[in-house]
Amino acid sequence: MKSLLVGLLLILSFSGIMAQEIFDFVPEDVGYFLILRGLRSTMEALRDNTNFFGAYLGDNGYGAERAFYGIIDAAGYNAEVDTSFLKSALNNDILLAGEGIDLSLDDLLMFDPFYLLEKLKLTENRVFMAWRTDSSFELLKAVAVLLDMAIFVQPGESVNELRSNTGTLFYNAGDDYLIIGGNKDAVTLALKTYEGEGKRLLESNGKGREVAEMSYDYALAGYIDGDRFHLDLGLESTFSIESTILFARPEGHTLTATIVQDTVFLSSEDLQKMLSVTDTKELEASKETFGDYTVFFPSSSVETLRKELAHWFELDLEPYRELADFVVLLSKESIGNTRIYGDLVSETPRVTAVFTNKSSDTEKFENSLKEWGALQSAHKDSRIYELENDFDTIYFIFSNETTVLTSLSPDEYYRLLSDAESLSDNISYEFVRNLGLEKDIAHAFIDMKKVFKSLMGVSVDSALFYQQTFDENGNMIHALRFY
């Protein structure tokens with residue numbers, strides 16, 4: 001979840017060709033496609049109707065919208081292209097399609113056509129971008145400036161080049177569209193498909209066609225076959241990904257994104273185990289928490305625990321390995337859901353993990369800490385152990401009901417706990433929680449009010465909420481909501 005805050009420029013970035021026309025570029029056996037519509041309209045709706053994007057895009061907050069259009073204005077000036085034309089082009093549909101390129105959630109959250117074209121320039125994959133425009137060469141000149149590339153035209157060739165010291169792209173500037181590809185074959189295939197020389201996606205019977213037909217009601221839609229879409233969220237488990245579909249659009253005062261992945265488990269029992277740990281998380285949400293980041297997931301998912309703690313500590317380093325194994329044992333001997341909360345905006349790791357004890361007898365764990373030379377102290381009925389290595393100081397706090405791992409000193413931990421509130425008393429959490437899935441396996445909440453206050457001095461109720469679950473057919477569902 002931490003990566004969601006890094007480089008979050010725009011969740012949606014562009015759009016235009018009539019949907020039927022733009023999908024006519026896409027061959028039947030395409031490995032993936034993404035279609036985005038109406039950047040300017042979507043951005044304005046998000047800025048005006050959601051607190052998150054109001055703070056991020058607006059001039060009274062981070063000012064990302066002004067910065068974005070400043071880049072567009074500079075490109076238009078240097079390319080001698082009317083900037084109003086460029087801004088209008090941003091409201092046209094943009095299609096990215098092809099094969100041989102890995103995508104991540106970060107790629108979508110930074111979804112910027114020029115960023116993706118830079119990626120294509122470096123990989124030279126068979127991927128193309130189709131952008132509807134009534135002045136394709138004017139748009140091409142602006143793209144060349146933004147990518148720091150030069151236009152090369154071979155007389156008589158339908159596919160020409162954009163060149164730079166770091167790579168080459170290929171393009172075709174048609175009457176009402178601009179096609180740019182990672183290699184010449186990508187552009188040629190798109191043109192041949194458009195001209196009817198091969199079967200098109202919309203003439204097929206696969207899942208890609210279903211997604212394309214459903215995409216008209218969304219600002220962002222996509223289909224990706226195989227396991228090439230990387231989502232560093234949710235549980236770590238023994239399954240493989242066969243395909244991913246995704247949809248996003250503004251809904252009321254939120255931006256909602258849904259990602260559905262068709263999964264294959266090693267056995268039906270593995271899926272049933274996942275379904276058995278689905279719950280409402282009401283108990284966890286009623287417990288005190290502090291910081292700007294909170295995540296709940298089943299304590300039985302030890303690999304998820306490793307991954308979460310690795311965001312805060314370098315658990316792959318040798319001094320941490322024995323500790324990491326010890327924490328895994330703690331998790332295995334706990335019940336219900338592990339709770340992790342902390343501060344994303346801090347110079348040093350500020351994180352706390354809470355395990356619900358299966359038994360009040362924690363002597364074997366405490367003995368291990370004693371053997372490692374941990375310093376001992378107490379607070380009321382809790383036993384505290386301080387463990388120090390070359391990198392960090394970590395504390396373990398044992399009580400009859402819970403075991404706590406924290407990077408905070410006991411004094412600071414108890415001070416913060418005395419003023420802590422439950423998530424169920426947090427206005428933003430309750431708002432997004434009521435809009436979300438009733439039950440889930442894992443969910444995470446970022447209190448953006450605290451984040452914006454720390455980073456920009458802006459105080460506004462805002463949140464980012466993530467949920468993960470499975471359905472009976474083994475489809476893994478990820479739901480993201482920006483408020």
>> Being outside any helix (DSSP H, G or I) and modelled with pLDDT of 95 or more: is that true of ILE179 here?
In response: yes
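Out of all the residues in region 334-353, which are touching a residue at least 40 places away in the same chain (Cβ under 8 Å) and more than 18 Å from GLU386 (Cβ to Cβ)?
Applying the first criterion (touching a residue at least 40 places away in the same chain (Cβ under 8 Å)) to region 334-353 yields 334, 336-345, 348-353.
SER334, GLY336, ASN337, THR338, ARG339, ILE340, TYR341, GLY342, ASP343, LEU344, VAL345 - these are the residues of region 334-353 that are touching a residue at least 40 places away in the same chain (Cβ under 8 Å) and more than 18 Å from GLU386 (Cβ to Cβ).
From the residues in region 205-230 that are out of contact with any helix residue (DSSP H, G or I) (no Cβ under 9 Å at 6 or more places or on another chain) and at pLDDT 90 or above, which one is nearest to THR256 (Cα to Cα)? First the steps, then the outcome.
Within region 205-230, the first condition is being out of contact with any helix residue (DSSP H, G or I) (no Cβ under 9 Å at 6 or more places or on another chain), and the residues that meet it are 205-207, 210-211, 214, 217-218, 224, 226-228.
Then drop every residue that is not at pLDDT 90 or above, which leaves 210-211, 214, 217-218, 224.
Details: GLU210: 20, VAL211: 17, MET214: 16, ASP217: 13, TYR218: 10, ILE224: 19 Å.
Checking each candidate, the answer is TYR218.
Within region 308-316, does at least one residue satisfy the condition of being modelled with pLDDT of 85 or more, assigned by TED's automatic domain parsing to the domain that holds ASP425 and within 23 Å of MET476 (Cα to Cα)?
Of region 308-316, the ones modelled with pLDDT of 85 or more are none.
No; the residues of region 308-316 include none that is modelled with pLDDT of 85 or more, assigned by TED's automatic domain parsing to the domain that holds ASP425 and within 23 Å of MET476 (Cα to Cα).
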> For region 51-103, which residues satisfy the criterion of being under 21 Å from the mean Cα position of the chain (by Cα) and small (Gly, Ala, Ser)?
Replying inline: GLY54, ALA55, ALA64, ALA97, GLY100
>> So LEU34 ticks every box in (1) assigned to a loop (DSSP other than H, G, I, E, B); (2) in contact with a Leu (Cβ under 6 Å, 6 or more places away or on another chain); (3) modelled with pLDDT of 90 or more but one. Which box is left unticked?
In response: (1)
> Which of the helices (runs of 4 or more DSSP H) contained wholly in region 381-469 include at least 2 residues that are free of Cβ contacts under 8 Å to residues at least 12 places away in the same chain and not assigned by TED's automatic domain parsing to the domain that holds GLY61?
Replying inline: 410-418, 427-435
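If the requirement is being touching a Lys or Arg at 6+ places or on another chain (Cβ under 8 Å) and either assigned by TED's automatic domain parsing to the domain that holds LEU36 or in a loop (DSSP other than H, G, I, E, B) (or both), which of these qualifies: ALA186, ALA221, ALA190, ALA212?
Details: ALA221 fails: touching a Lys or Arg at 6+ places or on another chain (Cβ under 8 Å); ALA190 fails: touching a Lys or Arg at 6+ places or on another chain (Cβ under 8 Å); ALA212 fails: touching a Lys or Arg at 6+ places or on another chain (Cβ under 8 Å).
Unique residue meeting the criteria: ALA186.
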> Hey, any hits in region 167-179 for a residue that's surrounded by fewer than 19 Cβ atoms within 10 Å (Cβ to Cβ), of a type in the set (Val, Ile, Thr) and without any contact (Cβ under 8 Å) to a residue 12 or more places away in the chain?
Replying inline: no
> Can you name the residue in region 281-304 that is crowded, with 19+ Cβ neighbours inside 10 Å and among the polar types (S, T, N, Q) and is also nearest to LYS332 (Cα to Cα) among such residues?
Replying inline: SER299
>> Pairs needed: first member in region 265-280, surrounded by 12 or more Cβ atoms within 10 Å (Cβ to Cβ) and among the acidic types (Asp, Glu); second member anywhere, assigned to a loop (DSSP other than H, G, I, E, B) and at pLDDT below 85; C-beta distance under 9 Å; at least 6 residues apart or different chains.
In response: ASP270/SER237; ASP270/THR238
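From the list LEU275, LEU283, exactly one residue is closer than 21 Å to ASN475 by Cα, more than 23 Å from the chain's Cα centre (by Cα) and modelled with pLDDT of 80 or more. Which is it? Full working, then the answer.
Numbers: LEU283 fails: closer than 21 Å to ASN475 by Cα.
Step by step, each of LEU275, LEU283 is checked, and only LEU275 is closer than 21 Å to ASN475 by Cα, more than 23 Å from the chain's Cα centre (by Cα) and modelled with pLDDT of 80 or more.
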> Tally time: how many residues in region 271-316 are among the basic types (Lys, Arg) and within 20 Å of THR406 (Cβ to Cβ)?
Replying inline: 3
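A quick yes/no check of all residues on (1) at negative phi; (2) among the polar types (S, T, N, Q); (3) modelled with pLDDT of 95 or more:
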position	(1), (2), (3)
ILE22	yes, no, no
VAL30	yes, no, no
GLY38	no, no, no
SER41	yes, yes, no
ASP59	yes, no, no
ALA64	yes, no, no
GLY70	yes, no, no
ALA74	yes, no, no
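The values are calculated or read from the model by the stated rules, or taken from the named source; none is laboratory data. Keep in mind the model is a prediction, meaning the values are calculated, not measured. Cβ sites come from the backbone with ideal geometry, for glycine too, and all protein chains shown count toward neighbours.
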